[in-house]
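K.L.:
Here it is, the structure in full.
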Amino acid sequence: MRFTLIFLFTFSTFLLSAQTKTTEALTKKYDGEIFTAFFYRSTLQMLNQNDDKDFDELVKDIEKMRFMMLDKAKLHLDGNQYKNLKTQYRSEGYEEMMSGRFEGRNFDIYLREQNGNVKGTVILLNDSTNLMILDILGKIALDKTSQLFKTIDGSTEIGNRIKAFTGNGDKDKKKDDHGID
């Protein structure tokens, strides 16, 4: 029994840290300065408020996903650091599969395969103000990536947390107690 508990604890610790070293390093480097959210398949399915069977199909091969948002101005991130980040993911065995634009943002998708099976997916979304990273333990259909972002972005709770992080929710607040803007 004791051995089983030790094994389960060790295995669960491995699963929690099984994402990329590059993402882990960013988390440690900018601890407390970035927005981070973790999703598991079950929490992703809870975002599917419309019971969209296509979305359920999209997330079925995701074990765990980390969403990170970095404020580029606040963290003094520039194009060279973004190129370095992509190089670091490639050094971990991730291969660039797709680059493009989505709703005014540049995106890059990287996959890591083992024995012909996709084990990890990293999606970088870069715009003029933020860098967003999806570090996925598992895989998603590449042509459905935008659907995943739309669903995450459309989630009220996640959207409110992102607005709070970026300060965009402050626009709605009054400047003083007298209700004067």
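K.L.:
Could you compute the net charge surrounding R66? Neighbours are other residues with a C-beta less than 10 Å from the C-beta of R66; K and R count +1, D and E count -1.
P.N.:
-1
K.L.:
Going by how many other beta carbons lie within 10 Å of each one, how would you line up Y89, Y30, fewest first?
P.N.:
In increasing order of surrounding Cβ atoms, one gets Y30, Y89.
K.L.:
Okay, moving on. In the structure shown, do any of K53/K144; K83/K150; K21/K86 have a Cα-Cα gap over 20 Å, and if so which?
P.N.:
Checking Cα-Cα distances, K83/K150 exceed 20 Å.
K.L.:
For D127, D51, what's the fewest-to-most ordering of other Cβ within 10 Å of each Cβ?
P.N.:
Sorted ascending by nearby Cβ count, the order is D51, D127.
K.L.:
Please give, to one decimal in nm, the separation of the simple spin-label points placed at A141 and N115, each 7 Å out from Cα toward the Cβ.
P.N.:
About 2.6 nm, to one decimal.
K.L.:
If you rank V118, V59 by fewest surrounding Cβ atoms within 10 Å, what's the result?
P.N.:
Final ranking by Cβ density, sparse to dense: V118, V59.
Bear in mind that the values in this text are calculations on the coordinates, not laboratory data. Just so we're clear, the structure is a prediction, and the values are computed from it rather than from any experiment. Cβ sites come from the backbone with ideal geometry, for glycine too, and all protein chains shown count toward neighbours.
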